[in-house]
1. Which members of the range 70-81 meet the condition of being open to solvent by less than 90 Å² (accessible area, probe 1.4 Å) and under 16 Å from the mean Cα position of the chain (by Cα)?
2. Pull out all pairs, ordered by first then second residue, where Cβ-Cβ is under 7 Å, the residues are six or more apart or on different chains, the first lies in the range 69-82 and is under 17 Å from Glu193 (Cβ atoms), and the second is of a type in the set (A, V, I, L, M) and at pLDDT below 95.
3. Of all residues in the range 76-106, count the ones that are farther than 27 Å from Leu217 by Cα and of a type in the set (Val, Ile, Thr).
4. So, in the range 120-136, how many residues would count as being of a type in the set (Asp, Glu) and either open to solvent by less than 70 Å² (accessible area, probe 1.4 Å) or in a loop (DSSP other than H, G, I, E, B) (or both)?
5. I'd like the residue in the range 117-162 that is hydroxyl-bearing (Ser, Thr, Tyr) and within 22 Å of the chain's Cα centre (by Cα) and, out of all such residues, is farthest from Pro63 (Cα to Cα).
6. What helices (runs of 4 or more DSSP H) completely inside the range 137-228 contain at least 1 residues that are over 16 Å from Tyr103 (Cα atoms) and open to solvent by 70 Å² or more (accessible area, probe 1.4 Å)?
7. Does Ser87 satisfy the condition of being without any contact (Cβ under 8 Å) to a residue 40 or more places away in the chain, part of a helix (DSSP H, G or I) and surrounded by 18 or more Cβ atoms within 10 Å (Cβ to Cβ)?
8. Would the range 107-116 turn up any residue that is hydrophobic (A, V, I, L, M, F, W, C), in a helix (DSSP H, G or I), over 16 Å from Leu217 (Cβ atoms) and open to solvent by less than 40 Å² (accessible area, probe 1.4 Å)?
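The values are calculated or read from the model by the stated rules, or taken from the named source; none is laboratory data. Source: prediction; values computed, not measured. Ideal geometry is used to build each Cβ from the backbone, glycine not excepted, and the neighbour counts take in all protein chains shown. Ligands, DNA and RNA are stripped out before the accessible areas are found, and what is left, the full protein with its side chains, is counted by its heavy atoms. Shrake-Rupley method; radii C 1.70, N 1.55, O 1.52, S 1.80 Å.
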Amino acid sequence: MVSSSFSFAALALALLDPSPPLATAFGFAISGGSGRKRIHTRSPSSSTSSSLSIASASSLAEPSEELLNLFNKQVTQEFIASQVYLSASIWFDQNDWEGMAAYMRAESAEERVHGLGFVDFANKRNIPLELQAIPAPASCGAWSSPEDVWQSILELEQTNTRSLLNLAEAANACHDFAVLAFLNPFHLSQVNEEDKIGSILAKVTDENRTPGLLRSLDGELGGEAGKD
């Protein structure tokens, strides 16, 4: 009862004072001069449909061709990294560095998980994927010392960082904020990885001045990888 009385009172007031602010406040549009007045009500669906149209247009925005190409390239890059780490694991195992071998094996598995994460995200976003050929990593014979291996791993991580940044730039250019949000943890992970690998490489290089350091590092990395 209260709402009906209020509506009739609002209508009467609007008829007496058909000023735009008052009429608009109650959803009326009044036309006509001193004679017969006509009352027009606003259709609530008009603004709603406009909002839906804007939302639909936004949700249907297509990623750029560059973004699609770089996204596919990043999937390949993650699996390449997995292969390189696995190759490094084999080299360390063949040369009796069991701790480092275990560490590299664990990193290989993690890189594969990263690659599958990109695949899962692409499927959710309906990003078309075409798996590319994964080139064989450098032969184990190309490495002659632990320092050589760790230097290759650092260069691998630096390449991965550049690849992720290129992908982020393409996503930013076409305002694909979902891809940008997805990439953020990977950027932070790369900062940590490059810092860690750089520190390990420095210790490996310092072996000549600190005898026994390499064996100590081998045990430390083996423990980190969960190998007793």
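1. Of everything in the range 70-81, those that are open to solvent by less than 90 Å² (accessible area, probe 1.4 Å) and under 16 Å from the mean Cα position of the chain (by Cα) turn out to be Leu70, Phe71, Asn72, Gln74, Val75, Thr76, Gln77, Glu78.
2. Sorted first by the residue in the range 69-82, then by its partner, the pairs are Phe79/Ile134; Ile80/Ile134.
3. Within the range 76-106, residues that are farther than 27 Å from Leu217 by Cα and of a type in the set (Val, Ile, Thr) number 1.
4. Number of matching residues: 1.
5. Checked the range 117-162; the qualifying residue farthest from Pro63 (Cα to Cα) is Thr159.
6. By residue number, 146-173, 177-205.
7. So Ser87 fails the test.
8. No, the range 107-116 contains no residue that is hydrophobic (A, V, I, L, M, F, W, C), in a helix (DSSP H, G or I), over 16 Å from Leu217 (Cβ atoms) and open to solvent by less than 40 Å² (accessible area, probe 1.4 Å).
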